[in-house]
């Protein structure tokens, strides 16, 4: 039981990091980017190429995946995304879905359609067992590493958004871009950095998830629904909502597939429907909030 709970928490934390960039762009920038899963896929492939083919160390390939996808996100924000900020949400959805199909086709052509496997370093292999019998807690070293990294990211991002000058500038730019620009805030630069950081988080999550979720060109389509569920259930007005929603989703998915495997994802979707019927605006979105 405790082992399943830990695996669910680790899975939920991974979903949180993967969904965090989407929550940032939707909640803070009011932009619906359904190509978010493509950035996660790109980060996964960057990690695989650097660690498995170029032979770079694991702890070098992970931040490199973040940097490369963040730079790609910055370039796309300047060239393709920025003109879409003022467009209706339907236009944003169609635009980002089109980008996703293009990214999937390009990756399938360059990297092939088969699933990619990675070899984790020796210090992340194996399990740590605490206790005995029914109360034994078995923690995979790699999943424990994921939990530690994701918690550090969540705390760091919360501190940036709530206690730094950049965080206050971002909130001002979102509330009223014209007034913020009149006050001397470089709105375009703030949005550029925010979008790049969200893309980098997606890439880092994709790199961390290669060993757990697998990686192939269909990755964006397989997991985009999960990212949207996290944002819809948790809300996007704070980091607490997506975190709690991702943990609930991860634990429910792991327990459901273990105890009632024939139902597959039914339990996750049923839980999502129940929560949204109870709180249609999301768990941690204020009434009347965006």
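Bear in mind that the values in this text are calculations on the coordinates, not laboratory data. All figures in this text were calculated on a predicted structure; none of them were measured in a lab. Cβ placement follows ideal geometry from the backbone for every residue including glycine, while neighbour counts extend to all protein chains displayed.
Okay, here's what the table says:
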read-out: Where N is the number of residues in the chain, Cα Rg divided by 2.2 N^0.38 Å; value: 1.00
read-out: Segment 93-218: radius of gyration and largest Cα-Cα distance (Dmax), Å; value: 20.5, 65
read-out: Theoretical gain in end-to-end length, residue 108 to residue 221 [0.36 nm per residue, Cα-Cα removed]; value: 39.3 nm
read-out: Principal-axis tilt of helix 58-76 within the chain, Cα atoms, nearest 10 degrees; value: 30 degrees
read-out: Where only alpha carbons of segment 1-137 are counted, the Rg and the Dmax (Å); value: 18.5, 59
read-out: Ascending count of other beta-carbon atoms within 10 Å, so fewest first, for 255, 223; value: 255, 223
read-out: Amide N proximity, segment 70-87 versus residue 30 label position 7 Å along Cα-to-Cβ, cut-off under 19 Å; value: 81-87
read-out: Helix-only CD estimate at 222 nm, as mean residue ellipticity for the chain, using -39500 (n - 2.57) per DSSP H run (n ≥ 4); value: -22500 deg cm²/dmol
read-out: Peptides ranked, highest mean first, by Cβ atoms within 10 Å: ranges 35-43, 175-183; value: 35-43, 175-183
read-out: Cα-based shape type of segment 213-264, given that a ≥ b ≥ c are square roots of the gyration tensor eigenvalues and the cut on a/c is 1.5; value: oblate
read-out: C-alpha center-to-center spacing [segment 1-18, segment 194-244] in angstrom; value: 14 Å
read-out: Crossing angle, helix 165-175 versus the chain [Cα axis fit, 0-90 degrees, rounded to tens]; value: 70 degrees
read-out: 0 to 90° range, to nearest 10: angle between helix 89-111 axis and the chain longest Cα axis; value: 50 degrees
read-out: Label-reachable residues, segment 3-44, where backbone N falls under 18 Å from a point 7 Å from residue 144's Cα toward its Cβ; value: 3-14
read-out: Ordering of 238-247, 14-23 by burial proxy (mean other Cβ atoms within 10 Å per residue, highest first); value: 14-23, 238-247
read-out: Shape box of segment 179-290 [Cα atoms, principal axes, largest first, Å]; value: 58, 36, 19
read-out: Extension reserve of the residue 262-residue 94 stretch, reckoned as 0.36 nm per residue once the Cα distance is removed; value: 57.1 nm
read-out: Using a Förster distance of 41 Å, the FRET efficiency for residue 60-residue 1 (Cβ separation, nearest 0.05); value: 0.65
read-out: For peptides 268-274, 112-118, 193-199, sequence by mean Cβ density within 10 Å, most packed first; value: 193-199, 268-274, 112-118
read-out: Rg/Rh ratio calculated on Cα atoms of segment 1-51 (Kirkwood radius); value: 1.11
